[in-house]
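**Q** Got a structure for you, questions after.
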Amino acid sequence: MIEIKNITKRYSKLIAVDDVSFSIKDKECFALLGLNGAGKTTLINILTTGMLPTSGTATINNYDLIREKEKIRKIINISPQESAVAKNLTIKENLEFVASLYDIQNRKNKIDDIISKFGLKEKENVKCKKLSGGQLRRVSIALAMITEPQILFLDEPTLGLDVKSRKILWGIIKELKNKLTILLTTHYLEEVEFLADRIGIISRGQMKAIGTRDEIVKLTKTNSLENAFLMLSEEE
């Protein structure tokens, strides 16, 4: 589904992403781990066509990242760190607005269905500025899902949430697994162990390891994902 080849992004003397190559399988949940400044957000911005790489390329569902950006945008969506939810609109109004932008057919039924799936029925007519942090994150992911993407980018989806809200979102993401391809960034290692099929650890722009949780632990000769992550990121 995603094939990344020698992607590099330079800002003057700073190399944010350094010759990164890896692939993500169809309907896989792939977690991208790294400390702040490791290159995660830059890589996400490139893959979601928000910026061009300095060199290298990628294909997303066989569409070329450089030459076929518009086709890629039609099959992906992102729930960013900073929620794109319109706070003065209700949950339903937010979904109706996005559905109209994408000219989604049968939108009433699709909106009702996604509100139900995300456990937001009781709040559907409440303005989003009155929602909790966890509810806002659910709305953000719902807005990304209303377009029925083949690939979903989740950038720190549970950042700053309490334990209960985080567990609710984990359940929602777990339900999405095997239905579409997910690229997840997070700082919560327990989130990775619960959700991810495979993991990539990036440090100073370089991909240090890729594999399942057990493969990475074995590679680093440690006894936990946390210790493996710290070992691979210690240079920062």
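Every number in this text was worked out from the coordinates using simple rules, so none of it is lab data. Remember, predicted model here, so these are calculated numbers, not experimental data. Here Cβ is always computed from backbone atoms with ideal geometry, including for glycine, and neighbour counts include all displayed protein chains.
**Q** When you go through Gly211, Gly200 one by one, which is the residue that is over 16 Å from the mean Cα position of the chain (by Cα), touching a residue at least 12 places away in the same chain (Cβ under 8 Å), closer than 24 Å to Ile76 by Cα and surrounded by 14 or more Cβ atoms within 10 Å (Cβ to Cβ)?
**A** Gly211
**Q** Another question about this same structure. Cβ-Cβ below 9 Å, separation at least six or inter-chain, first residue in the range 215-229 and charged (D, E, K, R), second not in a helix (DSSP H, G or I): which pairs?
**A** Partner pairs satisfying both residue conditions: Glu215/Arg198; Glu215/Ile199; Glu215/Ala209; Lys218/Gly211.
**Q** Quick check on this structure: which one of Ile141, Ile173, Ile146, Ile168 is in contact with a Leu (Cβ under 6 Å, 6 or more places away or on another chain) and more than 19 Å from Arg198 (Cα to Cα)?
**A** None of the others qualify; the one that does is Ile146.
**Q** Restricting to the range 193-207, give me the number of residues that are acidic (Asp, Glu) and out of contact with any Cys (no Cβ under 6 Å at 6 or more places or on another chain).
**A** 1
**Q** How many residues, within the range 33-79, are within 30 Å of Glu234 (Cα to Cα) and either surrounded by fewer than 17 Cβ atoms within 10 Å (Cβ to Cβ) or hydroxyl-bearing (Ser, Thr, Tyr) (or both)?
**A** So the count comes out to 12.
**Q** Another question, if that's okay. For Phe194, only one of the following conditions fails: (1) in contact (Cβ under 8 Å) with a residue 24 or more places away in the chain; (2) farther than 18 Å from Ser79 by Cα; (3) part of a strand (DSSP E or B). What is its number?
**A** All conditions are met except number (3).
**Q** Please determine whether any residue of the range 100-107 is farther than 27 Å from Asp26 by Cβ and crowded, with 18+ Cβ neighbours inside 10 Å.
**A** The answer is no, given that none of the residues of the range 100-107 is farther than 27 Å from Asp26 by Cβ and crowded, with 18+ Cβ neighbours inside 10 Å.
**Q** Among (1) more than 28 Å from Asp26 (Cβ to Cβ); (2) assigned to a loop (DSSP other than H, G, I, E, B), there is one condition Lys129 misses while meeting the rest; what is its number?
**A** So Lys129 meets the others, but not (2).
**Q** Now for a separate question. Restricting attention to the range 1-49, and to residues there that are in a strand (DSSP E or B) and of a type in the set (Val, Ile, Thr), which single residue is farthest from the chain's Cα centre (by Cα)? Before you say what the answer is, go through the steps one by one.
**A** Of all residues in the range 1-49, those in a strand (DSSP E or B) come to 2-11, 14-24, 29-33.
Next cut, of a type in the set (Val, Ile, Thr) only: 2, 4, 7-8, 15, 17, 20, 24.
Values: Ile2: 13, Ile4: 16, Ile7: 18, Thr8: 20, Ile15: 22, Val17: 17, Val20: 18, Ile24: 13 Å.
Among them, the one singled out is Ile15.
**Q** Another question, if that's okay. For the range 27-44, check the following and say yes or no: at least one residue is free of Cβ contacts under 8 Å to residues at least 24 places away in the same chain and farther than 22 Å from Lys208 by Cβ.
**A** No; the residues of the range 27-44 include none that is free of Cβ contacts under 8 Å to residues at least 24 places away in the same chain and farther than 22 Å from Lys208 by Cβ.
**Q** Scan the range 145-186 residue by residue and report those that are among the hydroxyl-bearing types (Ser, Thr, Tyr), surrounded by fewer than 22 Cβ atoms within 10 Å (Cβ to Cβ) and assigned to a loop (DSSP other than H, G, I, E, B).
**A** Hits for the range 145-186 are Thr147, Thr186.
**Q** Would you list the helices (runs of 4 or more DSSP H) that sit entirely within the range 50-118 and hold 1 or more residues that are more than 22 Å from the chain's Cα centre (by Cα)? Spell out how you get there, then give the answer.
**A** Values: elements: 69-73, 91-101, 107-117.
Correct list: 91-101, 107-117.
**Q** For the range 119-130, give me each residue that is surrounded by fewer than 20 Cβ atoms within 10 Å (Cβ to Cβ) and of a type outside the set (Lys, Arg).
**A** Of everything in the range 119-130, those that are surrounded by fewer than 20 Cβ atoms within 10 Å (Cβ to Cβ) and of a type outside the set (Lys, Arg) turn out to be Gly119, Leu120, Glu122, Glu124, Asn125, Val126.
Conditions tested, residue by residue: (1) among the β-branched types (Val, Ile, Thr); (2) in contact with an Asp or Glu (Cβ under 7 Å, 6 or more places away or on another chain); (3) touching a residue at least 60 places away in the same chain (Cβ under 8 Å).
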| site | (1), (2), (3) |
| --- | --- |
| Thr49 | yes, no, no |
| Glu70 | no, no, no |
| Ile91 | yes, yes, no |
| Leu101 | no, no, no |
| Lys108 | no, no, no |
| Ser116 | no, no, no |
| Val126 | yes, no, no |
